[in-house]
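Contents: one structure, followed by commentary.
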Amino acid sequence: MRGLTRKRILVTGGAGFLGAHLCKRLLDEDHEVICVDNYFTGSKDNVIELLDNPHFELMRHDVTFPLYIEVDEIYNLACPASPIHYQHDPVQTTKTSVHGAINMLGLAKRVKAKIFQASTSEVYGDPQVHPQTESYWGHVNPNGIRSCYDEGKRCAETLFFDYHRQHGLRIKVARIFNTYGPKMHPADGRVVSNFIIQALNNKPITIYGDGSQTRSFCYVDDLIEAFLRLMNSPDGFTGPVNTGNPGEFTIKELAEKVIELTGSRSKLDYRPLPADDPAHRQPDITLARDKLGWEPRVELEEGLKKTIPYFEGLLKP
Ligand code: NAD
Ligand code: UDP
C-alpha cells in the first residue's frame, strides 16, 4: 500500500547524469521511482546506491519503443546530451527525441499522468538575442551537425504543446542550460568534465576556438530543485521555462578557473572550433523566478569545488 502522498514516478534517461540525481531526490522525497534507460550514455553505476531501495525500480528500455506501465508523473530525460555522443548516431538522436516524446506523451495520455520534458537552451541555436528569454524563437541551423539534437528537441517541444492543446495533457517544459556536477560521464566530451580531467592529469586543456565563446554553468543540485518546483507548479503553468545559472563565463575563463582550483600545471591548447558552436549563451531566468520562486544558489567556483573530488575519485587507480 502506497503512502497517501507517495507518487509513482517514471524517469526516462534515469541512469544518466541528471536522471540519477533526479531519481535520488525523488526517492528522498518518499516517492516510488521507475528508472528507464537503454544505457547509451548512462550506466547502472550512476544509480547503484539506489538499487537496494524497495521504492526504486530499474528497467532497461529504449524510449523509441512504446512502454506500457502505470505512473502518476513522467520526467522525460532520455537523450544523449553531449555533442560527441549525440553526433555519434545522429539519426538515433532525433528518433530518441521525437519518437521518445510521442511514446511518453502517449503513455501520459493513457494513464493521465503529468509529464515533464527536458528541453534545452539549444532550441535557441546560436542566439542573436542576449540573454535568451523564452519568447525568443531561436537561430537554428536545420541541417548542420548539431541539428539532430536541436531540431529533435524543438520537435519534442512542438509535440508536447500539441498534446497539451489537442488532448489537454498536463505538461511542463524546462529549457535546461549547461549543467555540471558529480556523475557526469568522464568521457562525454563536455567542457567541464574535459577540463577537470585534463587539469587533474596535468595534460593540455583543449580550448576549441579562441576561448571567447561563453556559457552559463548551473550546478546540478540547483537544477534538480527547479525540476521539482516546475513539476509541482499549478497546472496552468506549462513553461517553456529557462532553467540555468545566469553567471556567464568565457571558455578561457573556465579553463583558468579549473587550473587554479586543481593546482594544475596544465597549459592551454587551442584547437579548431566545431561547426555551429554557439558564440554566447546566457539564460534570462525572470520567468523561473516569478513562477517557481527559483534561482540558482551555487556559484561556479563553489560548484567546481564540489565536482572536482568526484573526478579525482574516478582517476584513482
Ligand atoms: P546523459 O547523456 O548523461 O543522460 C541521458 C540518458 O538518457 C542516459 O542515461 C542515456 O543512456 C539515456 N538514453 C539515451 N537514449 C535513450 C533511449 N533511446 N532510451 C532510453 N534511454 C536513453 O545526459 P544528461 O546531461 O543527464 O541529460 C539529460 C537530459 O537533459 C537530456 O534530455 C538532455 O538533452 C537534457 N539537457 C541536459 C543538459 C546538461 O547540461 N546536462 C542541458 C540541456 C538539456
Ligand atoms: N569546449 C572546449 N573544449 C572542450 C570541450 C568543449 O573548448 O574540450 C567548448 C565547446 O566548443 C563549446 C563549450 O566549450 O564552445 C561548451 O561545450 P559543451 O560540449 O560542454 O556543450 P555545448 O554548450 O556546446 O552543447
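The values are calculated or read from the model by the stated rules, or taken from the named source; none is laboratory data. In this text the structure is predicted, and so the values were computed from the model without any measurement. Note that each Cβ is placed from the backbone with ideal geometry, even for glycine, and that neighbours are counted across all protein chains shown. SASA here: full protein model, heavy atoms, side chains in, ligands and nucleic acids out. Shrake-Rupley method; radii C 1.70, N 1.55, O 1.52, S 1.80 Å.
For the subset of the range 142-156 comprising residues that are of a type outside the set (Lys, Arg) and buried (at least 21 other Cβ atoms within 10 Å of the Cβ), which member is farthest from Gly244 (Cα to Cα)?
First pass over the range 142-156, keeping only residues of a type outside the set (Lys, Arg): 142-145, 147-152, 155-156.
Next, only the ones that are buried (at least 21 other Cβ atoms within 10 Å of the Cβ) stay: 148-152, 156.
On the way: Cys148: 22, Tyr149: 19, Asp150: 17, Glu151: 20, Gly152: 20, Ala156: 20 Å.
Across the range 142-156, the extreme among qualifying residues is Cys148.
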Notebook entry, point to check: (1) in contact with a Gly (Cβ under 6 Å, 6 or more places away or on another chain); (2) open to solvent by 20 Å² or more (accessible area, probe 1.4 Å): which one isn't true of Asp37, the others all being true?
Noted result: (2)
Item checked: Near pairs, Cβ below 7 angstrom, 6+ apart or cross-chain, from the range 217-233 (of a type in the set (Val, Ile, Thr)) to any residue that is in a helix (DSSP H, G or I) -> Val220/Leu18; Val220/His21; Ile224/His21; Ile224/Leu22; Ile224/Arg25
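Might you check whether a residue that is closer than 22 Å to Leu26 by Cβ and near ligand 2 (Cβ under 10 Å from one of its atoms) occurs anywhere in the range 150-159? Please lay out each step first, then the result.
Just the residues of the range 150-159 that are closer than 22 Å to Leu26 by Cβ, to begin with: 156.
Subsequent filtering for residues that are near ligand 2 (Cβ under 10 Å from one of its atoms) retains none.
No, the conditions are met nowhere in the range 150-159.
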Notebook entry, point to check: Restricting the search to the range 89-127, which residues are within 12 Å of ligand 1 (Cβ to nearest atom) and of a type in the set (D, E, K, R)?
Noted result: Asp89, Lys95, Glu122
Checklist line | Subset tally (residues that are in a loop (DSSP other than H, G, I, E, B), open to solvent by less than 60 Å² (accessible area, probe 1.4 Å) and modelled with pLDDT of 95 or more) for the range 165-188 | finding: 8
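State whether one or more residues within the range 102-118 are closer than 20 Å to Asn46 by Cβ and within 16 Å of ligand 2 (Cβ to nearest atom). Outline the logic, then answer.
Within the range 102-118, the first condition is being closer than 20 Å to Asn46 by Cβ, and the residues that meet it are 116, 118.
Retained after the next criterion (residues that are within 16 Å of ligand 2 (Cβ to nearest atom)): 118.
Yes.
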Next item on the list: From Glu225, Glu256, grab the single residue that is surrounded by fewer than 17 Cβ atoms within 10 Å (Cβ to Cβ), at pLDDT 95 or above and not polar (S, T, N, Q).
Entry: Glu256
Checklist line | Qualifying positions in the range 92-115 - within 18 Å of the chain's Cα centre (by Cα) and open to solvent by less than 40 Å² (accessible area, probe 1.4 Å) | finding: Thr93, Thr96, Ser97, Val98, Gly100, Ala101, Met104, Ile115
Notebook entry, point to check: Is the range 49-57 home to any residue that is part of a strand (DSSP E or B), closer than 23 Å to Thr5 by Cβ and either open to solvent by 20 Å² or more (accessible area, probe 1.4 Å) or more than 16 Å from ligand 2 (Cβ to nearest atom) (or both)?
Noted result: yes
Checklist line | Answer residue from the range 58-80, given it is open to solvent by 40 Å² or more (accessible area, probe 1.4 Å) and in contact with a Gly (Cβ under 8 Å, 6 or more places away or on another chain) and is nearest to Tyr39 (Cα to Cα) among those | finding: Leu58
Note to self: Here is a check on your reading of the model: is Gly239 buried (at least 16 other Cβ atoms within 10 Å of the Cβ), in a loop (DSSP other than H, G, I, E, B) and within 15 Å of ligand 1 (Cβ to nearest atom)?
What the structure shows: yes
Check: What are the residue pairs meeting all of these: first residue in the range 83-107, first residue free of Cβ contacts under 8 Å to residues at least 60 places away in the same chain, second residue among the aromatic types (Phe, Trp, Tyr) and within 16 Å of ligand 2 (Cβ to nearest atom), Cβ atoms under 6 Å, and 6 or more apart or on different chains?
Finding: Thr93/Tyr86; Thr93/Tyr149
Next item on the list: Please state which one of Asp45, Asp89, Asp30 is surrounded by fewer than 15 Cβ atoms within 10 Å (Cβ to Cβ) and on the phi > 0 side of the Ramachandran plot.
Entry: Asp30
Check: Is it true that some residue in the range 265-287 is open to solvent by less than 30 Å² (accessible area, probe 1.4 Å), part of a helix (DSSP H, G or I) and within 16 Å of ligand 1 (Cβ to nearest atom)?
Finding: no
